[in-house]
């Protein structure tokens, strides 16, 4: 049996831009993607703390060190610049893999600079 678990999350990121006319996705600073072990094109869930919306999309690599968190396409209707969001990735793990499994949490400040990374 496999179980779907939270693989990693980016906690309390601030949306920096929203581009309704882009084809879709969320652009994330590549430093943050790497810290959270999220690949370009990986499916993520975006939870907006400001309005309670939840949406699934995929990631695009943003400029390293920029702090970019940009909502693209239709998801731009669900979060605007200044909104606080949580970005979550999930993966399927076997019972054996779960014996030593710990997910990654990346905390960022109001400028989306990494303040803490840990496994829980």
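The values are calculated or read from the model by the stated rules, or taken from the named source; none is laboratory data. Just so it is clear, the model here is predicted, and its values are computed rather than measured. Cβ atoms come from the backbone with ideal geometry, glycine included; neighbour counts cover every protein chain shown.
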Apart from one, (1) modelled with pLDDT of 95 or more; (2) not in a loop (DSSP other than H, G, I, E, B) all hold for residue 74; the odd one out is (1)
All-but-one check, residue 55 against (1) part of a strand (DSSP E or B); (2) closer than 19 Å to residue 104 by Cα, failing number (2)
Subset of segment 40-55, residues at negative phi, surrounded by fewer than 15 Cβ atoms within 10 Å (Cβ to Cβ) and over 10 Å from the mean Cα position of the chain (by Cα), comes to 40, 49, 50, 51, 54
Going through segment 77-87 in order, the residues found to be surrounded by 20 or more Cβ atoms within 10 Å (Cβ to Cβ) and part of a strand (DSSP E or B) are 85, 87
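Take the residues of segment 1-39 that are without any contact (Cβ under 8 Å) to a residue 60 or more places away in the chain, assigned to a loop (DSSP other than H, G, I, E, B) and touching a helix residue (DSSP H, G or I) at 6+ places or on another chain (Cβ under 7 Å): which is surrounded by the most Cβ atoms within 10 Å (Cβ to Cβ)? Write out each step before concluding.
Going residue by residue through segment 1-39, those that are without any contact (Cβ under 8 Å) to a residue 60 or more places away in the chain are 19-25, 27-28, 30, 33-34, 38-39.
Narrowing further to those that are assigned to a loop (DSSP other than H, G, I, E, B): 20-24, 38-39.
Okay, now just the ones that are also touching a helix residue (DSSP H, G or I) at 6+ places or on another chain (Cβ under 7 Å), so 20, 22-24.
Details: 20: 11, 22: 17, 23: 9, 24: 14.
This residue is 22.
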Pairs returned, first residue in segment 49-76 that is farther than 15 Å from residue 87 by Cα, second residue that is assigned to a loop (DSSP other than H, G, I, E, B), beta-carbon separation under 6 angstrom, 6 or more apart or interchain, are 73/22; 73/23; 73/24
All conditions in (1) assigned to a loop (DSSP other than H, G, I, E, B); (2) under 22 Å from residue 22 (Cα atoms) are true of residue 111 except (2)
Taking segment 94-116 and the residues there that are surrounded by fewer than 17 Cβ atoms within 10 Å (Cβ to Cβ) and in contact (Cβ under 8 Å) with a residue 60 or more places away in the chain, the one that is farthest from the chain's Cα centre (by Cα) would be 95
